[in-house]
Each structure stands twice: as C-alpha cells, then as structure tokens.
1. Please list 97-108, 41-52 highest first by mean number of surrounding beta-carbon atoms within 10 Å per residue.
2. Probe of 1.4 angstrom, ligands and nucleic acids ignored: what's the accessible area per residue over the chain, in square angstrom?
3. Run the accessible area of segment 65-142 with a 1.4 Å probe and give the carbon-and-sulfur part as a rounded percent.
4. In the P(r) worked out for the chain, what percent of Cα pairs fall beyond 24 Å?
Amino acid sequence: MEIERKFTIKELPDLSQYSFHKIEQAYLNTDPVIRIRREDDNYYMTYKGKGLLAREEYNLPLNKESYFHLLSKADGIVISKTRYLIPYKTYTIELDVFEDALAPLIIAEVEFVSEEEAHDFPVPDWFLQDVTMDSRYHNSNLSKRCPNL
C-alpha cells in the first residue's frame, strides 16, 4: 500500500546538498496504472490501484532490454525528472523536478505508513498547495501530454 501526499512548492530550496535519482518513466496503461521506470541504472514495472491518498502498489524488477522493449509500447509522453531526496524531521521529501515537456513543474511527495500519519504531517513552509486529491498531478495523467495545471 502506498500512502503519500503531493504538494506544489513556493520556492525551490538549495538542492546542491541533496542526493538525487534520474528517473524516466512511461505508462503502458493508465486505468489501471501500469508503469515502467528507469531509476538511475535500475528498471522495473509497477502496478498501481485506484485512489488518491492511499492505493495499492506492486513493483516487479525488469532488465534493461525488457524496459526498452516495453518503452516502445508506451502511451503518451515519456516523463523525465530528477528526484531529490530531502530529509525533513522523520520524513524524506521526494522533490521531483520535471524536464522536457513537463518543465517547469516541480512536485514534492512524502510517503507515510498510515493515513493518520499523512493527515498529521507538519507541512514545511516552502510547500504551497496540497494537490494530493487532484488527479491531474498523478504522473499517469501528466503522461497524457501535460494537462492544464
């Protein structure tokens, strides 16, 4: 089960001190969500169930050849982003800086162990709007050629 909240941000923090991953992902299907992802040198396929704050998520490893074979079958745009990992209290903020067709979009995501914890999350000052319940901010919908945000 994945439980996460998503936020737009007011200002970009200094990212030079944080580790990051280069991510490329594409969608074979958006209902249900079936995604393939390259994260640095790792490849996998993900199934995501329905939901906004909480939903099922299953990851399966892929090899490089399988990833590129499936990539040619993807619908919509391939999403490229840099994901910065920012420690905050007992959490890790995953700050996604989107590239190419989705630039200059920046989304902060935080994962939780329970819905109660998610609702009690002390939101940092540099976050702007909680977009958790706005499905336009799901990457699967962003892959459909950048809906009007």
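The values are calculated or read from the model by the stated rules, or taken from the named source; none is laboratory data. As the structure is a computational prediction, the values presented were derived from the model and not from experiment. Note that each Cβ is placed from the backbone with ideal geometry, even for glycine, and that neighbours are counted across all protein chains shown. The area values use the complete protein model at the heavy-atom level, side chains included, leaving out ligands, DNA and RNA. Shrake-Rupley method; radii C 1.70, N 1.55, O 1.52, S 1.80 Å.
1. Working: 97-108: 16.7, 41-52: 14.4.
Those peptides, ordered most packed to least, come out 97-108, 41-52.
2. Heavy-atom SASA per residue in the chain reads 55 Å².
3. Working: 1990 of 3990 Å².
The value for segment 65-142 is 50 percent carbon and sulfur by accessible area.
4. Every Cα pair in the chain considered, those over 24 Å come to 30 percent.
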